[in-house]
Amino acid sequence: MDKVASPRVVSVMRSPLFAVVVFVATVVQVCAVPVLSLLGGIGTWDHALAPVVVIALTIAVCAVQAACLTLVASRPVFAMLAIIVCYLLVAVALGVPNWARPMYLVIAIAMFAVGSARPISVAAAWAAFGVVGASVGLASWAASTGTPANIVIGFLLTEGTALASTSFAGVALGILWAVLDRRAARERQRVLELEEEQSVAIERSRAAERGRIAQELHDVAGQHLAGLVSLCDASADLAPTHPQRALQLIEEVRAEGRYAAASLYGALGDLRAVDAVAHAPTPDLRDLDTLAGFWRERGMDVSVETRGDLDLAPVVVSATAYRVVQEGLSNVAKHAAGAPVAVRLAVEDERLHVSVENGAARNARPGEDDLGLGWGLDTLRDRLALVDGSLDASDDGVGGWRLTVDIPFAHARETVRD
């Protein structure tokens, strides 16, 4: 059973319009010279049949041959053999081989379809079978006319060579086209697979980001609100006997509430951004001044000191460092209200050093450590593990806190290349 040709070949060769175009082109080439010769009275007509009959039969055979082209898409080998038979009908049965030469074009198209639909060895074998069969038919007809052997051999070499070159050229083009088409199909499939992998990766990333934001919301809602409840309870207990102290706690409740609201708004904004069509660029150390300004506007005493060229830091290092500073400043606001903060960044020896140091809280409240407000060190360690960074967080011994981070550039660059 014939293997069906490529869909794009089917769409063209199955069209009746294609067959009509080929038929017209073939008839014009086949009949132009003999018709003009007869009309001009050039040469003599020694054929057994009348010229009109031969021309009419030739046109009919050309029509059948063109109609066979509509089968090359579904049955290429059968169509190719039928087209060769049509050629032999004109060249051998009607005895006008010179008229049949333009029919090589149709044979080449059929050979192209065979080459594009069958394996290389099979297509070449069918092409050879068709050429040899047609050559044997031509040789038998030439020999039956009583023509001398040397003329028969010359005729066979001329016609056979022309037929073979046209046929094998068509097969070769079909084979080449099929190879390129299969390669293109593999690439298209690869693109689809990559798009699917990318979609999965994006969804996985979104899920991870949603999880991170959910954890952040949990921390904000759990820790901040627990602290607010504790402060409210304390102020209620103190109100009857120590109203001034109760008012101070209420002021602290207001401050804590503002920080909680800011954290919640930021987390909710991130959550909306996960599913947004357009995502804002990931912040990095270039946004450090904006981050520091945000907290200065809210009363925090923040100083920023840099050494070296921060632009030398790889993008992933810069973004991670920004998150470290962001987390550090947020924690100062939560745990050390009113404390001065010093942010220091240094680039040296292909490494980035970051430190966030704060002094003692100016308005420390007894029992504040029992409110369960954490520093989120696990989250920071998870981020830093991705870039082979290290983290150290410790009490400075005088009521303050020091957070230091060290990130090498080499691992981050290797990660990007991978």
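The values are calculated or read from the model by the stated rules, or taken from the named source; none is laboratory data. On a predicted model such as this, the values are computed, not experimentally measured, just so you know. We place every Cβ from the backbone using ideal geometry, glycine too, and count neighbours over all the protein chains shown.
Observations on the model:
- Boolean, Gly130 is assigned by TED's automatic domain parsing to the domain that holds Val72, in contact (Cβ under 8 Å) with a residue 12 or more places away in the chain and more than 30 Å from Asp46 (Cβ to Cβ): yes
- Search result, residues across the stretch 381-414 that are modelled with pLDDT under 80 and surrounded by 14 or more Cβ atoms within 10 Å (Cβ to Cβ): Arg383, His411, Ala412, Arg413
- Among the conditions (1) part of a helix (DSSP H, G or I); (2) aliphatic (A, V, I, L, M); (3) farther than 29 Å from Ala143 by Cβ, the only one that Ala73 does not satisfy is (1).
- Candidates Val96, Val114, Val136: the one that is under 23 Å from Val27 (Cα atoms) and among the β-branched types (Val, Ile, Thr) is Val96.
- Qualifying residue in the stretch 55-70 (condition: β-branched (Val, Ile, Thr) and not in a helix (DSSP H, G or I)): no
- Residue in the stretch 147-165 that is farther than 24 Å from Ala32 by Cα and touching a residue at least 24 places away in the same chain (Cβ under 8 Å) present: yes
- Restricting Ala337, Ala333, Ala313, Ala319 to residues that are in contact (Cβ under 8 Å) with a residue 60 or more places away in the chain, closer than 24 Å to Ala385 by Cβ and aliphatic (A, V, I, L, M) narrows the list to Ala313.
- Being over 16 Å from Thr166 (Cα atoms), buried (at least 21 other Cβ atoms within 10 Å of the Cβ) and of a type in the set (A, V, I, L, M) is a description that applies to Ala117.
- Restricting attention to the stretch 295-338, the residues that are in a helix (DSSP H, G or I) and surrounded by fewer than 16 Cβ atoms within 10 Å (Cβ to Cβ) total 4.
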